[in-house]
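The block underneath contains the structure these notes are about, expressed in structure tokens.
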Amino acid sequence: MEIKLKNLRRVYGDLHAVEDVSLNIPSNTVYGIIGRSGAGKSTLVRLISMLEKPDQGEVYYGDKRVDNLSKAELIQERRKIGMIFQNFNLFSSRTAAENIAYPMEICKMDKVAIKKRVEELLELVDLSGRGDAPISTLSGGQKQRIAIARALAIQPDILFCDEATSALDPQTT
Ligand SMILES: Nc1ncnc2c1ncn2[C@@H]1O[C@H](COP(=O)(O)OP(=O)(O)OP(=O)(O)O)[C@@H](O)[C@H]1O
Ligand SMILES: [Mg+2]
């Protein structure tokens with residue numbers, strides 16, 4: 001699915017975090033955005049992933065405009081995307097496996113299917129057997145891998161990664 005950004009702007013008070021950004025991101029590509037700390041990368045990702053509304057401009061997934069959706073439509077569109085946050089945003093009250101399961105619970109997937117998918121994903125990120133671990137007991141890189149597994153759980157059409165491998169060594173990346 002192609003993503004189009006038209007003249008996006010986001011201001012916080014008098015700080016212009018994102019100013020007049022227009023981009024076409026083609027389907028089936030890995031597209032990176034780089035810039036110095038504080039340049040506005042995370043803000044831009046929040047705008048593209050419908051977590052925050054722009055003050056100006058438009059966001060399209062294919063031909064569908066997604067920056068001005070109603071709550072119900074937003075929930076529907078969000079099911080197409082996965083997001084890995086710079087600070088992981090894991091639930092500290094849930095175990096590793098329960099974190100990965102969360103988006104599938106929201107989609108009301110069958111319990112047995114969820115369990116199976118969680119095992120697959122734990123294996124994918126090389127954390128088989130650590131499903132019962134409380135989040136607080138995991139290392140930074142392990143937390144990041146759980147966040148990656150959670151983002152992949154519902155096989156999203158679009159995956160947003162905000163420095164998704166910053167805590168990982170080259171081999172694990
Ligand atoms: N909710 C907010 N309220 C006020 N200012 C904000 C908010 N979110 C971001 N900012 C400011 O907007 C600017 C851009 O922040 P952002 O997090 O997008 O940068 P970044 O490019 O992701 O940086 P880094 O590489 O350090 O992660 C920064 O000056 C930041 O302090
Ligand atoms: Mg950032």
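Tabulated results
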quantity: LEU51/THR173 FRET efficiency (R0 25 Å; Cβ-Cβ; nearest 0.05); calculated: 0.55
quantity: For region 78-117 and region 46-73, distance of Cα centres in Å; calculated: 23
quantity: Most mobile listed residue (PRO134, PRO156, PRO26) in the chain, GNM with C-alpha springs under 10 Å; calculated: PRO26
quantity: Simple spin-label estimate for SER128 and GLN86 in nanometres, 7 Å along Cα-Cβ; calculated: 3.6
quantity: Choice from ILE114, ILE146, ILE100 showing the highest fluctuation, given a GNM over the chain with Cα pairs closer than 10 Å; calculated: ILE114
quantity: Euclidean distance of C-alpha centroids, region 122-173 and region 1-42, integer Å; calculated: 24
quantity: Choice from LEU51, LEU122, LEU15 with maximal GNM fluctuation in the chain (Cα, 10 Å cutoff); calculated: LEU15
quantity: Mean Kyte hydropathy of 0.0 or more with a Cα span along the axis of at least 15 Å, helices from DSSP in the chain; calculated: 96-106
quantity: Sequence of CYS107, CYS161 once ranked by neighbouring C-beta atoms within 10 Å, starting from the fewest; calculated: CYS107, CYS161
quantity: Cα-centre dipole for region 3-70 with unit charges at Cβ (Lys and Arg positive, Asp and Glu negative), debye to 20; calculated: 160
quantity: Furthest towards positive pole of dipole, LEU121, LEU5, ALA97, structure part the chain, Cβ charges; calculated: ALA97
quantity: Rounded FRET efficiency, nearest 0.05, which uses the C-beta distance separating GLN155 from LYS4 and R0 of 35 Å; calculated: 0.95
quantity: Zone of GLU163's modelled label, taken as backbone nitrogen in region 56-87 under 13 Å from a point 7 Å along Cα→Cβ; calculated: 85-87
quantity: Global geometry of the chain, whether rounded, prolate or oblate, following the gyration tensor of its Cα atoms and the 1.5 cut on a/c; calculated: prolate
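Bear in mind that the values in this text are calculations on the coordinates, not laboratory data. If you're wondering where the values come from, they're calculated on a predicted model, not measured in any experiment. Cβ sites come from the backbone with ideal geometry, for glycine too, and all protein chains shown count toward neighbours.
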